[in-house]
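The values are calculated or read from the model by the stated rules, or taken from the named source; none is laboratory data. Bear in mind that the values here come from a model prediction, so they are computed numbers and not experimental data. Every residue, glycine among them, receives a Cβ derived from its backbone with ideal geometry; neighbour counts consider all protein chains shown.
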Amino acid sequence: MDRPPEDEDAATWTEARDPFRLFHEWLEKARGSEINDPNGVALATADADGYPDVRMVLLKGADERGFVFFTNFESAKGRELLENPKAALCFHWKSLRRQVRVRGSVSVVSDAEADEYFASRPRDSQIGAWASRQSRPLEGRFELEREIARYTAKFGFGKVPRPPHWSGFRIAPLQIEFWRDRPFRLHDRLVFERDQPDGNWHTSKLFP
């Protein structure tokens, strides 16, 4: 893949003071260039023994409070985050040759936020949230299809409520790093750091 041309913000991006504004600028660029899921992000957690886990999730919100995604609390990532509420994220936009890394503490979103997002999902996805015992053993595809049919019949044509085990997490970042590819692996790295979720940001640059 050819290296993308220099961006119009090439001379000013390292002068940014608001990491969320910069993040949204980069995400918006990715929406125009990534083939699939520009909001896809690798989520890293750790289990009770300290072993790391990583998987892709979809970012569903980002503001000064943090980065939000939704999941089944009984899944591996749900259990790990409830036991050890710290996590890291890594966005990688290959088309832009950019990435953003995030580290911070984790909290559960409000019921109102979870209800609002769940209500916006396609009905089949709502049924799936009830039918899938996420991360647990599956005897075969038929077992999942049977559960989907059971909950489809249960809710009929009525509203599908949010399962009690399904909600969202918010990662309040203490560190956000912006990375841009440069020739000969002499990349640009800009880091925003703070001591607590409501603290002031401090910026620094890192060797590639």
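A few comments on the model shown:
- From the list 89, 190, the lone residue that is under 18 Å from residue 16 (Cβ atoms) and either at pLDDT 95 or above or among the charged types (D, E, K, R) (or both) is 190.
- Among the candidates 49, 18, the residue that is charged (D, E, K, R), at pLDDT below 95, closer than 30 Å to residue 133 by Cα and surrounded by fewer than 15 Cβ atoms within 10 Å (Cβ to Cβ) is uniquely 49.
- Single residue of 102, 106 found to be closer than 19 Å to residue 134 by Cβ, crowded, with 16+ Cβ neighbours inside 10 Å and touching a Leu at 6+ places or on another chain (Cβ under 6 Å): 106
- Of the residues making up segment 69-92, those that are assigned to a strand (DSSP E or B), among the hydrophobic types (A, V, I, L, M, F, W, C) and surrounded by 18 or more Cβ atoms within 10 Å (Cβ to Cβ) are 69, 70, 87, 88, 89, 91.
- Identification of strands (runs of 3 or more DSSP E) wholly contained in segment 96-202 with 2 or more residues that are touching a Gly at 6+ places or on another chain (Cβ under 9 Å) and in contact (Cβ under 8 Å) with a residue 24 or more places away in the chain yields 98-108, 166-180.
- Selection within segment 129-161: residues that are under 12 Å from residue 71 (Cα atoms) and over 20 Å from the mean Cα position of the chain (by Cα). The member of this set that is modelled with the highest pLDDT is 130.
- Flag if residue 118 is farther than 30 Å from residue 184 by Cα, of a type in the set (Phe, Trp, Tyr) and out of contact with any Asp or Glu (no Cβ under 8 Å at 6 or more places or on another chain): yes
- Segment 59-85: number of residues that are over 22 Å from residue 26 (Cα atoms) and among the aliphatic types (A, V, I, L, M): 3
- Test: residue in segment 64-83 that is among the hydroxyl-bearing types (Ser, Thr, Tyr) and touching a Leu at 6+ places or on another chain (Cβ under 8 Å): no
- Number of positions in segment 56-78 that are in contact with a Ser or Thr (Cβ under 8 Å, 6 or more places away or on another chain) and among the basic types (Lys, Arg): 1
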